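The numbers here are math on the coordinates, done by the rules we state, and not lab data. Values in this document were obtained by computation on a predicted structure and should not be read as measured data. Please note: Cβ atoms are built from the backbone with ideal geometry, for glycine as well, and neighbour counts cover all protein chains shown.
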Amino acid sequence: MSATVEQVREAIIRMRAARDHVLAHRSTPTVIAALAETARRWLAVDSPWRARASEQAAESLGFSPAMVNEIVDLIFGQWTPEALGELLDKELGDRRVLDEFQPLGRLASRAIGPRLITHILAGNVPAPGLVSILSGLLLRSANLVKPAARDPVFPRLFLESLTEVDAELAACVAVLDWPRTETAVTQAALAEAEAVLVCGDDRTIAALRAMAPATAVFMGYGHKISFAVIGREAMTEENLPALARAAAFDVSVYDQQGCLSPHVIYVEERGALSPRKFAGALATAMAEYQQRVPRGRLSVEEAATLTTLRAGYQFRAESDRRLSVWAGPQPNDWLVVYEDDPSFSPSCLNRMVYVKPTDGFSRVLDNVRRYVPLISTVGVAPFDERARALARELAEMGVTRVCPLGEMQQPPLTWHHDGRPNLAALVRWTDVG
């Protein structure tokens, strides 16, 4: 049911009152405890929230039930009391600044979260949206949430589960939906926001930025892509199975729909094993992951794209030794394409990945340079001093995250999403001294 302007305004009034009540008498440790307990209940094997998500989100998002279970573990597995406290301490200097003035340098300071945060969520993967709501709750803000049409399930189920644990805190959140064409409702949702957090395509972000109040903090997270690099030192018979499994996980989880999913894996030549050997091992690992966590359903357009791409590469591979193709036994389960051409080629997603040889890390930088504004994450193996030297060069280019291969899809809560702090930019500071 589509929300009206009146319903949005009523929800804002109700949430602000709940927020003021929570802010007046709740401590940060109790907020952390409620959020961590909610996550713990999601993680239980017999969790009703996990079961409902596996049924409902699989239908709306198009993921398989097994993938939804994987997603639940990835998201809520990180919401521990220690990780939530570390996030606040890292970004605000001391989690206690949300409760009272604390000495920070020569001054005593206190941080106050926005009275109202409006969250506009994307529907490709649920993690960023849930972390957005989590951030607002940690700051004890009122949170108006517009879920994506593709994922109305996770935000609502999370709110229900939080209500079961801490109804007082959950009253600071309202999940309301309306078509993007209902401009008046969107304007009502933005008009009184002190912060606006948007996940979506670049056009949506630009339109909402123009509609948001000039005084509001606006944080937009648009389309990004990622890739991986494997150094020659890692290419040994001993390392190969684990290396391939790590890469297969990064490619396959979320069915490659997220910004952290690698499109291309560059493998350095002159190792004990060839880049083509890695591509074959990756195909085996992709097949194993598919057996455990099947890919979700494809749209007609997605299936047609994958079918056409696979057939084209297989036809070329029959007469071109520079090209090799591995595909699942069922149409479009997964696709690995090895080609000697080192240029960066964005994948069509849905577990389709390119493996390309490179004669050095500097050549990789040359090949990805034109895509740098779009690059989110680079996975590297081995994650050694040479990888850190690569990270320094990527940082100078503008890439915002470099991590070990196999961890691309599991950024800690403390990561700077698209190079920005998650909490520090949202709070208002008062200094005494």
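Using volume of the Cα convex hull per residue in Å³ as the read-out, say which of [x] 137; [y] 150; [z] 197 was calculated from these coordinates.
[y]
For region 5-223, rounded, prolate or oblate, judged on the Cα gyration tensor with a ≥ b ≥ c (square roots of eigenvalues), a/c < 1.5 rounded, else prolate if a/b > b/c?
On the way: a/c = 1.64, a/b = 1.10, b/c = 1.48.
In terms of gyration-tensor shape, oblate.
Below 8 Å between Cα atoms, with a sequence gap of 6+, how large is the relative contact order for the chain in percent? All intermediate terms of the calculation are to be shown ahead of the outcome.
On the way: 785 pairs, mean separation 78.7, N = 433.
Once normalised by length, the contact order is 18 percent.
Could you tell me what percent of the DSSP beta bridges with both partners in the chain are antiparallel, to the nearest 5? Please list the in-between numbers first.
Values: 14 of 54 bridges.
Just about 25 percent of them are antiparallel.
Apply 1/(1 + (r/R0)^6) to the Cβ-Cβ distance of Q314 and V432, taking R0 = 60 Å, and write down the FRET efficiency to the nearest 0.05. Display every interim value, and only then the final one.
Values: r = 69 Å, r/R0 = 1.15.
It comes to 0.30.
Work out, step by step, the length gained on full extension between D202 and E82: first 0.36 nm times the residue separation, then minus their alpha carbon distance; give nm to one decimal.
Working: separation 120, 0.36 × 120 = 43.20 nm, distance 3.44 nm.
Working it through step by step, the gained length comes to 39.8 nm.
Could you calculate the contour length gain from R209 to E37, that is, 0.36 nm times the residue separation minus the distance between their Cα atoms, to one decimal place in nm?
Numbers: separation 172, 0.36 × 172 = 61.92 nm, distance 3.47 nm.
Gain on extension, R209 to E37, equals 58.4 nm.
If you count, for each residue, the other Cβ atoms within 10 Å and average over each peptide, how do 109-120, 137-148 line up from highest to lowest?
Numbers: 109-120: 23.2, 137-148: 25.2.
Sorting 109-120, 137-148 by mean packing, highest first, produces 137-148, 109-120.
May I ask you to derive the FRET efficiency for R14 and S60 from their Cβ-Cβ distance with R0 = 25 Å, giving the value to the nearest 0.05?
0.40
Taking the Cβ-Cβ separation of H416 and R388 as r and a Förster radius of 25 Å, what is the calculated FRET efficiency to the nearest 0.05? Don't jump to the answer; show the numbers that get you there.
Numbers: r = 17 Å, r/R0 = 0.69.
With R0 = 25 Å, the Cβ-Cβ based efficiency is 0.90.
Tell me, in nm to one decimal, what length is gained between D89 and Q291 on full extension, where the rule is 0.36 nm per residue of separation less the Cα-Cα distance?
68.6 nm
Restricting to DSSP H runs of at least four residues, report the calculated mean residue ellipticity at 222 nm for the chain, -39500 (n - 2.57) per run over all residues, nearest 500 deg cm²/dmol. Write down the numbers at each step before the final one.
Working: 15 runs with 193 residues, N = 433.
Calculated at 222 nm, the ellipticity per residue is -14000 deg cm²/dmol.
Under 22 Å from the Cα of K356, which lysines turn up, not counting those fewer than eight places away in the same chain?
Correct list for K356: K224, K277.
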